[in-house]
Amino acid sequence: MPLVALTRFELRTLWGGWLVRLWAGAAVLLNFLTLLSWWQVLPNSLLVATLLFPFLVFPWFLVIITLGANAVGGARLETLADGFLSRPITRLEFILASWLARAITVLAVFALAVLPVALIGIYADRPVVEEQVTVDGMIVASVLVVIVLLGLLSLGFLLGILLRNGWIALILAFFVWYPINVLLATFRVEEFSPISLNQAAPVVLRKSWFLPGERKEQVNLAALQEQFSEFMRNLMGPPQPQRRERGFFSTVNQYEDIQPARVGLSYGLVTILLTAGAYAIFYWRDL
């Protein structure tokens, strides 16, 4: 009961504040503008990966870290000691409720901003060469992004408890974590770099992960269709202009050997370690 009550209270507090409301509105607006901007240019997989870019790369990771860093800090520290002494609430319950409420908020904003726009882009009759996005590819990509977002939230959570100041935690995360992330992306380490994972997202979206027996048949069929289309274009008239791809996704073919299980395991372990570290620091600290 205390855990549920605390979680509901934290959710009401978060959604009653200006940060989450502005973030949700800006995320939805930005993704719709992205859809309109690339409506006639990007194929389905690159379009969905572009919609994931603000969450994995910039700028929404700053908001996620800020949410985690402000969970335990500032004026809230002055009231926590009295709350633990006067009410049957343990530190573990408080930490879990704070983290859980912020995780629910992050997932809700992600689902609200990405999923409807992605479905419109995939199933709408857009004037681009069709590129199939499989259902299981969309599920796997969404799960991986969710795990990364929870990892970013846990990173902010840990820094906020360690430094006791949300703004200092945000500055440290930006000037330390972001350069490290860029360095990891240079070596295309998608298991630890959200930038590399975003570049690999089109590969994840195109593949069939749950039906391995049909994957080869689908690839062969797509190759035959492409050959027939090329033959008809040469026969009936000049070839159509080549579709453009943004430079950020120019290395997408280098992630063909990506293993979602390994990627999810690495980010999942990092999330667990960061959250456990945050609780350990909070448990042994004097309020």
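Taking the options 20, 41, name whichever one is among the aliphatic types (A, V, I, L, M) and touching a Lys or Arg at 6+ places or on another chain (Cβ under 6 Å). It would help to see each step written out before you state the result.
On the way: 20 fails: touching a Lys or Arg at 6+ places or on another chain (Cβ under 6 Å).
Within the list 20, 41, the selection yields 41.
Answer with yes or no whether residue 269 is out of contact with any helix residue (DSSP H, G or I) (no Cβ under 8 Å at 6 or more places or on another chain), open to solvent by 50 Å² or more (accessible area, probe 1.4 Å), modelled with pLDDT of 80 or more and assigned to a helix (DSSP H, G or I). So that I can check it myself, show each step before the final result.
Values: out of contact with any helix residue (DSSP H, G or I) (no Cβ under 8 Å at 6 or more places or on another chain): yes; open to solvent by 50 Å² or more (accessible area, probe 1.4 Å): yes; modelled with pLDDT of 80 or more: yes; assigned to a helix (DSSP H, G or I): yes.
Against the criterion (out of contact with any helix residue (DSSP H, G or I) (no Cβ under 8 Å at 6 or more places or on another chain), open to solvent by 50 Å² or more (accessible area, probe 1.4 Å), modelled with pLDDT of 80 or more and assigned to a helix (DSSP H, G or I)), residue 269 qualifies.
Tell me which residues, restricted to region 117-145, are open to solvent by less than 60 Å² (accessible area, probe 1.4 Å) and of a type outside the set (A, V, I, L, M, F, W, C).
Step one: of region 117-145, the residues open to solvent by less than 60 Å² (accessible area, probe 1.4 Å) are 117-118, 121-122, 124, 126, 128, 131, 133-134, 136-138, 140-142, 144-145.
Correct list: 121, 126, 131, 134, 136, 137, 142.
Which condition from (1) closer than 18 Å to residue 66 by Cα; (2) at pLDDT below 85; (3) in contact with a Phe, Trp or Tyr (Cβ under 7 Å, 6 or more places away or on another chain) is the one that residue 167 breaks?
(3)
Consider residue 179 carefully, then state whether it is under 24 Å from residue 262 (Cα atoms) and either surrounded by fewer than 23 Cβ atoms within 10 Å (Cβ to Cβ) or modelled with pLDDT under 80 (or both). Quick ask: steps written out before the conclusion?
On the way: under 24 Å from residue 262 (Cα atoms): yes; either surrounded by fewer than 23 Cβ atoms within 10 Å (Cβ to Cβ) or modelled with pLDDT under 80 (or both): yes.
For residue 179, the condition - under 24 Å from residue 262 (Cα atoms) and either surrounded by fewer than 23 Cβ atoms within 10 Å (Cβ to Cβ) or modelled with pLDDT under 80 (or both) - is met.
Taking region 248-283, which residues are in contact with a Gly (Cβ under 8 Å, 6 or more places away or on another chain) and either charged (D, E, K, R) or under 15 Å from residue 195 (Cα atoms) (or both)?
267
Working carefully through the options 157, 174, find the one that is in contact (Cβ under 8 Å) with a residue 12 or more places away in the chain and surrounded by 15 or more Cβ atoms within 10 Å (Cβ to Cβ).
Details: 174 fails: surrounded by 15 or more Cβ atoms within 10 Å (Cβ to Cβ).
Step by step, each of 157, 174 is checked, and only 157 is in contact (Cβ under 8 Å) with a residue 12 or more places away in the chain and surrounded by 15 or more Cβ atoms within 10 Å (Cβ to Cβ).
Search region 29-75 for residues being open to solvent by 30 Å² or more (accessible area, probe 1.4 Å) and assigned to a loop (DSSP other than H, G, I, E, B), and hand back the single one that is farthest from residue 165 (Cα to Cα).
Ranking the candidates gives 40 first.
If you take the residues in region 1-28 that are more than 30 Å from residue 90 (Cβ to Cβ) and open to solvent by 50 Å² or more (accessible area, probe 1.4 Å), which one is farthest from the chain's Cα centre (by Cα)? Outline the logic, then answer.
Applying the first criterion (more than 30 Å from residue 90 (Cβ to Cβ)) to region 1-28 yields 18, 21-28.
Cutting the leftovers down to open to solvent by 50 Å² or more (accessible area, probe 1.4 Å) gives us 18, 21-22.
Numbers: 18: 22, 21: 18, 22: 18 Å.
Of everything passing the filter in region 1-28, 18 is farthest from the chain's Cα centre (by Cα).
Here are some conditions: (1) at pLDDT 90 or above; (2) farther than 16 Å from residue 46 by Cα. Residue 119 meets all but one. Which one does it not meet?
Evaluating residue 119 over (1) at pLDDT 90 or above; (2) farther than 16 Å from residue 46 by Cα leaves (2) as the failure.
The values are calculated or read from the model by the stated rules, or taken from the named source; none is laboratory data. Note that this is a predicted model, so its numbers are computed, not measured. In this analysis, Cβ positions are derived from the backbone assuming ideal geometry, glycine residues included, and neighbour counts consider all displayed protein chains. Note: areas computed on protein heavy atoms with side chains; ligands, DNA, RNA excluded. Shrake-Rupley method; radii C 1.70, N 1.55, O 1.52, S 1.80 Å.
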